[in-house]
Amino acid sequence: MFQYPPSHYGLAARRSIQLRRLPRCSNASRAAPTISTLFIAIWIHIPLFRRLGRPFVTTLHGRLDLPHMHSFVAGFADAPFVSISNNQRGPLAELNFVDTIYHGLPEQLLLPNLQSGSYLAFLGRFTPEKGPHIAIRLARKTHLPLRIAAKIPRMQIHYFKEQIQPLLDGDRVDFVGEVDERQKQDFLGNAMAVLVPIDWPEPFGLVMIEAMACGTPVIAWWRGSVPEIIEHGVTGFIVENEAEAIDAIERIPTLDRRRVRAGFERRFTARRMAESYRCCFQRLAGTSNSQAVHAGARRRFQAVAEKRSLRGPAI
């Protein structure tokens, strides 16, 4: 497996799983050697690996609704792709997606804290689409302390100074800066809930499974992959607006932190992620008449492209 660029969920997979040691998938045929690639936004490998004549698959980690993305990927219509959520596929549903595989973390990387937390938490970046200003409003309306661990992107300094900094009082709303992997354990584990008030089609949202690993419920807006990750009423609450979020905060004591952790162990461990990739690789390696499969993918993509051209350019 080749992975680029390195990330902590990739590190999780490398640390905890050796794919060769995993059992074969029951529905997989004898696996041939497979070249597998996991890239975030780099496409130049596809023509190269085509020439090698070996099976390969590319995992897409970013959003696919960016301008001109459809025209850009039209030349790769026959290449197999893995999505990190079903929602991520929407803008380019005609691509040759062969699987959806959710991210995973090592089971012991973050441990559950079964005690009720004492504050609301926000972990992410200071950008409007991540909604830290909404998290602050929720904390004030519910009269609960809020701790914020976030990075300030260079392009968002104005947003931070204008909309966030004036609201930080160091008491009820406390900005703790960025946290590393070891600090996340206490930051997330000691929270009563993690707020995810996003306003963009987030392809996955790693902070949600990090919170679940700590047994901490998540209150997240119904955007992007959120409905695929959060089990409403079990691992947290999915809401549409601030009024629903306030109601969800009041209902946090009804959630069992053991069940929150169990949801993580059932669906989002690194082992489960690696097993899913193993099955995916074996299916690709065992697919017969792959040329016909790729030709079918090209025809499907071209048909969609023709329909879009008839409708005219999107505005």
Inset, instruction - Could you work out the local net charge near residue 156, counting Lys and Arg as +1, Asp and Glu as -1, over the other residues with Cβ closer than 13 Å to its Cβ? - result: +3
Inset, instruction - Fewest Cβ neighbours within 10 Å first, please rank 49, 187 accordingly. - result: 49, 187
Inset, instruction - Report, in whole Å, the centroid distance computed from the Cα atoms of segment 195-253 and segment 145-185. - result: 19
Inset, instruction - Please work out how much length the chain gains when fully extended from residue 116 to residue 165, using 0.36 nm per residue of separation minus the C-alpha to C-alpha distance, in nm with one decimal. - result: 14.8 nm
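Read-outs: derived from the displayed coordinates by stated rules, not from any lab. Computed from a predicted model, the values in this text were never measured in an experiment. Note that each Cβ is placed from the backbone with ideal geometry, even for glycine, and that neighbours are counted across all protein chains shown.
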